[in-house]
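Read-outs: derived from the displayed coordinates by stated rules, not from any lab. What you are looking at is a predicted structure, and each value in this text was computed from that prediction instead of being measured. Here the Cβ positions follow ideal geometry from the backbone for every residue, glycine too, while neighbour counts run over all protein chains shown.
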Amino acid sequence: MFEQVADRIRSAKKIVFVTGAGISQESGIPTFRGKDGYWRKYDPMQLATIDAFYENPELVWEWYEERRKNILDARPNNGHYAISSLEKYKDVTVLTQNIDGLHQRAGSSEVLEIHGSIIRIRCTFCDYKDDITSGFDSLPPKCRCGNMLRPDVVWFGEPLPQDVWRKSIMHAQSCDVMVIAGTSLAVSPANTLPLYAKQNGAILIEVNPEATVMSERMDLSLRETSANALPHLVSICES
Ligand code: APR
């Protein structure tokens, strides 16, 4: 099975990666639904929703500030670097659910952030938006226009950035191989991307130490961590 897939990877022109929190786990960033996950400590519906933000902006900002500090201190791991190194051999696009910017910091040049970015901050009122890598003196931080700032992330109940989503589907529909790494595929519509790829004849490779709801649809499931498995996939393209 692996050899068959290896041939398809070698001959692939366009490889799309769909990544989730698991690929950043080895950079010290907790996953959401894993045993050490964020959701174990906090009630997601209390923190990652637009209603929660307007009900208790200070609490939501305290949670995001804690995550921002952790993420800004984190470094990409071998999984992120393997994906960026593949660009030497293939047309590579990363469709990530992660908001940590680690793919870009590892050198990936084509990254679509389906759920936004915790590093990018925007105003709740005017069109101010910028990457901010320092902490804030007071929470919730305020824009020059006087209104609250918020992380430029997609909260439960909010639509995805439409241009990003439209491009993500286009990439999923035009790839030869899709590698789904570090995601439980629990959240829609990101979890439909493998279906778009499959519909267009791509092979699906899952990289996850645990099975997911879509494991039986995969052409190959590598029950390994992404930091171990992804460099191996890259070495296939180098051979
Ligand atoms: N390598 C690869 N996969 C791993 C690793 C690892 N080292 N460690 C854990 N995993 C897997 C887990 O088995 C799990 O299937 O990563 C997956 C993480 O799943 P989730 O915590 O659900 O994260 P994710 O799929 O990214 O969540 C999707 O949900 O809460 C929202 O917006 C949030 O973008 C997030 C979305």
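One table, with the values for the structure above:
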{"read-out": "Charge context of His103, other residues only, Cβ under 13 angstrom, K/R +1, D/E -1", "value": "-2"}
{"read-out": "Within straight-line cross-link reach of Lys88, aspartates and glutamates at Cα separation under 14 Å, skipping those fewer than 8 residues along the same chain", "value": "Glu110, Glu238"}
{"read-out": "Distant-in-sequence amide H partners of Asp152 (H built 1.01 Å from N, under 5 Å)", "value": "Ser117, Arg120, Ile121, Arg122"}
{"read-out": "Greater than 26 Å apart at Cα, pairs in Lys13/Lys69; Lys129/Lys167; Lys90/Lys198; Lys142/Lys167; Lys14/Lys69; Lys90/Lys167", "value": "Lys13/Lys69; Lys142/Lys167; Lys14/Lys69"}
{"read-out": "12 Å beta-carbon shell around Ala229, net charge (K/R +1, D/E -1)", "value": "-2"}
{"read-out": "Cα-centred dipole magnitude for segment 31-119, charges only on beta-carbon of K, R (+1) and D, E (-1), debye, nearest 20", "value": "480"}
{"read-out": "Net charge over other residues, Cβ less than 11 angstrom from the Cβ of Ala181 (K, R count +1; D, E count -1)", "value": "-2"}
{"read-out": "Debye intensity ratio in log₁₀ form over the Cα atoms of the chain, taken at each q of 0.12, 0.13, 0.15 Å⁻¹", "value": "-0.67, -0.77, -1.01"}
{"read-out": "Between segment 105-174 and segment 2-33, the Cα center-to-center distance that results, in Å", "value": "23"}
{"read-out": "For the chain: relative contact order, % (alpha-carbon pairs under 8 angstrom, 6 or more apart)", "value": "26"}
{"read-out": "Exposure rule at most 15 other beta-carbon atoms within 10 Å, DSSP loop chymotrypsin sites (Phe, Trp or Tyr not before Pro): the chain longest free segment", "value": "137-239"}
